[in-house]
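The values are calculated or read from the model by the stated rules, or taken from the named source; none is laboratory data. Just so it is clear, the model here is predicted, and its values are computed rather than measured. Backbone-built Cβ (ideal geometry, glycine too); neighbour counts: all protein chains shown.
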Amino acid sequence: MDEQIKSRVFSLVEPTYRESVHQTKRLLPKLSHTETRKRDEACLRSILFSFDEAILKAPNVLKDPAAFARLAAAHGFPLSCAIQRQRKYGNINENAMRMLAQQNCLGHKLIQLWKRISPEISRRVEKMNSNQAIPYEPFSPGIMRKMRQALTPLRDQLGFEIVCDLNLLDNPVAFLAMCQRIGYNGPGWTYDTSKPNDLNKVVGQRLIDTWRIIVTT
């Protein structure tokens with residue numbers, strides 16, 4: 001009698017187990033590139049009433065994509081979770097540079113999108129920038145100021161290295177490696193330059209731009 005009860009129990013349990021094993025997983029749908037662009041455009045249009053006015057007051061923001069992205073966020077544009085400040089990176093400077101690289105990427109896209117949906121304001125801003133007599137330094141305070149302070153004592157050596165190899169100005173990673181070799185100790189000086197990545201490219205390009213500002217001031 002006991003064996004019959006067990007066989008009945010197992011006969012009931014076994015199909016249920018098989019169904020749970022072969023049950024397909026449900027994945028959340030991913031937004032396509034077109035859907036993402038439409039979403040970004042809708043978000044940007046929703047803040048144009050105040051965003052355009054802010055850009056007219058600070059036209060130089062078009063020269064700094066990261067600053068453009070931060071300004072859009074300040075007026076209500078939702079930044080993705082990847083750009084929010086995260087504590088999983090142990091090095092604070094590395095975390096800041098990752099955020100800067102991500103903001104630069106988003107800023108480039110938003111600038112092109114904004115120029116398309118707000119062409120009249122875009123033309124006014126471009127005219128304001130072309131008529132501006134004061135040289136613009138496209139860096140925010142803090143990290144970028146430290147870069148300039150670290151490069152200034154190396155100005156002569158930098159000039160010598162660049163004259164010897166003008167291709168350095170077109171290769172941010174090689175430029176960063178050269179700065180490290182001659183004694184640069186500012187933000188990013190510990191970054192690995194053996195292989196290009198989003199961090200050392202951004203740091204190298206910022207150093208190139210900083211050097212150009214130093215030699216013209």
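Some points to look at:
- In the stretch 151-197, residue surrounded by the fewest Cβ atoms within 10 Å (Cβ to Cβ) [restricted to those that are of a type in the set (A, V, I, L, M, F, W, C) and in a loop (DSSP other than H, G, I, E, B)]: ILE182
- Failed item in (1) modelled with pLDDT of 85 or more; (2) under 14 Å from LYS115 (Cβ atoms), with ASP40 passing the rest: (1)
- When restricted to residues that are buried (at least 17 other Cβ atoms within 10 Å of the Cβ) and either over 23 Å from the mean Cα position of the chain (by Cα) or of a type in the set (Gly, Ala, Ser) (or both), the stretch 198-217 contains 1.
Table: residues versus (1) in contact with a Leu (Cβ under 7 Å, 6 or more places away or on another chain); (2) among the hydrophobic types (A, V, I, L, M, F, W, C); (3) under 27 Å from GLN103 (Cα atoms).
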{"position": "ILE162", "(1), (2), (3)": "yes, yes, no"}
{"position": "LEU168", "(1), (2), (3)": "no, yes, yes"}
{"position": "MET178", "(1), (2), (3)": "yes, yes, yes"}
{"position": "GLY183", "(1), (2), (3)": "yes, no, no"}
{"position": "LYS195", "(1), (2), (3)": "no, no, yes"}
{"position": "LEU199", "(1), (2), (3)": "no, yes, yes"}
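- For the stretch 175-209, the set of residues classified as out of contact with any Asp or Glu (no Cβ under 8 Å at 6 or more places or on another chain) and more than 20 Å from ARG145 (Cβ to Cβ) consists of ALA177, ARG181, ASP192, THR193, SER194, LYS195, PRO196, ASN197, ASP198, LYS201, listed by residue number.
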